[in-house]
1. To test your reading of the geometry: what angle, between 0 and 90 degrees and rounded to tens, separates the Cα axis of helix 3-17 from the longest principal axis of the chain?
2. Once the Cβ-Cβ distance between residue 12 and residue 114 is put in as r, and R0 is 35 Å, what FRET efficiency do you end up with, to the nearest 0.05?
3. Quick check: from the Cα gyration tensor, does region 46-162 come out rounded (a/c under 1.5), prolate or oblate?
4. Compute the helix-to-body angle for 232-243: its Cα long axis versus the longest principal axis of the chain, expressed 0 to 90° and rounded to tens.
5. Once you list every other residue whose beta carbon is under 9 Å from the beta carbon of residue 129, what net charge do they have if Lys and Arg are +1 and Asp and Glu are -1?
6. Going by average Cβ density within 10 Å per residue, which order do the peptides 161-167, 173-179, 21-27 take, highest to lowest?
7. What do you get for Rg/Rh over region 340-494 if you use C-alpha atoms and the Kirkwood form of Rh?
8. I'd like the Karplus ³J(HN,Hα) series for region 493-505: coefficients 6.51, -1.76, 1.60, θ = phi - 60°, whole numbers in Hz, and an x wherever there's a Gly or Pro.
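Readers should treat all values here as calculations from the given coordinates under stated rules, not as data from a laboratory. Given the structure is predicted, the values throughout are model-derived calculations rather than measurements. Every residue, glycine as well, gets a Cβ built from its backbone with ideal geometry; the counts of neighbours run over all protein chains shown.
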Amino acid sequence: MSQAILEELERRRAAAKLGGGVKRIESQHAKGKLTARERIEVLLDEGSFEETDMFVEHRSHDFGMDQQRIPGDGVVTGRGTIGGRLVYVFSKDFTVFGGSLSGAHAAKIVKIQKMALTAGAPIIGLFDAGGARIQEGVESLAGYADIFLQNTLASGVIPQISVIMGPCAGGDVYSPAITDFIFMVKDTSYMYVTGPDVVKTVTNEVVSHEDLGGARVHAGKSGVADGAFENDLEALSEVRRLIGFLPLSNREKPPVRDSYDEADRDEASLDTLVPTNPNQPYDMKELILKMVDEADFFEIGADFARNIICGFGRLDGQSVGIVANQPQVLAGVLDIDSSRKAARFVRFCDAFHIPLVTLVDVPGFMPGTKQEYGALIKHGAKLLFAYAEATVPKLTVITRKAYGGAYDVMSSKHLRGDVNYAWPTAEIAVMGAKGAVEIIFRKEAGDPEALAAREAEYKERFANPFVAAGLGYIDDVIMPHGTRRRLIKALKTLKNKTQENPWKKHDNIPL
Ligand code: HXC
């Protein structure tokens, strides 16, 4: 083999690695962004990246495109490892035609999607692009549809994660939308179907990129994103952390890691977590952090629908998905947003065999026209449906209120909860004592003293866990300090749980 042939390979590799050239790379850095390749380096274990299709070029001849061919065509694709475990990755290169999607670019992504599905390994997409390659037209639209199809086929089979690290507009938004998790980078990323210019033309509304689709909008208001991070480095290292909680595919169980936290660790401070006054809030996150191994909790959707907390933790090394009402926000009520958020999380866990731990302190569903007009019935039903169909181990702890329909929804015994515990402070009833007596003793409304006596009587009868425990709906009333120990024991008994739903093509969850 002549030296010239070897050098030709090196020359071609170097050209591909340079992407859109030094100037555009500098401009990328000046915006506070890493390049597509730098991002992959941060995301994957050092030296583990194996690139595919580095030499692919677009096939377009229109608008002078035949004079502009850049190897790789605006997306870097391949595989590598995170914590020694296989993952597939594609990373849009904004320095090459603004990361825009041509037919060839799309084919590279589809190829890597198919490889990930075949191998049974997660796929992570890093987005930083201007949408469809405008010079290409319909070939680009076809490419998007090919990607959406693969996303859909892979849903529930391999974890799919999208990180938005720059523009993500038009055709680019729907692939992330189908994936399991979307993370954004604050200030440098934005996501929308149509940008500010089109918005102005169509609706006369004047809005900035940031206010239309910035990280704060999607992580806090729309719930499209599951998290917003300060910069590229933080976003990528958090994705590495998330992968550590997940199985590589639905063909395997979630990972069990060595834990340095005692399985029988008691937390005396939990005995005073719930205040004496039932209307006083407390921070449910304190329970979560004291319960999981090493206080390591990866929260999903931390800034959206904060009245419910979702995230991953470990119990004696075993990954679990935690869903918890947050009494500190809107008293932990279930509304449209919290139902949507938790339902999607429950379904993710169920698809990937991740046991569910549900911590309940819920006063019911949110009343009002805003909620009813917004289809609270359908959205609340999503969470109900998700818990009902889930066949993973389901552990529940009621810490305080479990009122009305929300009691049923939150992984109750009646929805096949495997182990249902309550703290002595639990109140399991159709509604709060005050509301209850105002309805059933309406005739005594003019007599506050009689009403107060009725309220005390109702509380005495129902504001405790023992009626439900007496019926077998609660398996045991446990001391708060022993929650971690009891859950770990229960989880171990469910290691080989089997449960199947009736055969169906697929279900029809209320969308
Ligand atoms: C081809 C593109 C491009 C595109 C950007 N570029 N978007 N090339 N097709 N869609 C090129 C630019 O020409 C420029 O090339 C380089 O990328 C950087 O772009 P700038 O505009 O200089 O960058 P910036 O100022 O940061 O603005 C970024 C941007 C803007 C907001 C994303 O480029 C933009 O508005 N692009 C068009 C977005 C768009 O309308 N896309 C089509 C959506 S429709 P040079 O050579 O100067 O570096 C769609 C439909 C699909 O996607 C639906 C499928 C379901």
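1. 40 degrees
2. Step by step, r from the Cβ atoms, then E = 0.90.
3. prolate
4. 60 degrees
5. -2
6. 161-167, 173-179, 21-27
7. Computed over Cα atoms, the ratio is 1.03.
8. Coupling constants for region 493-505: 5, 9, 3, 10, 4, 10, 7, 10, 8, x, 4, 7, 5 Hz.
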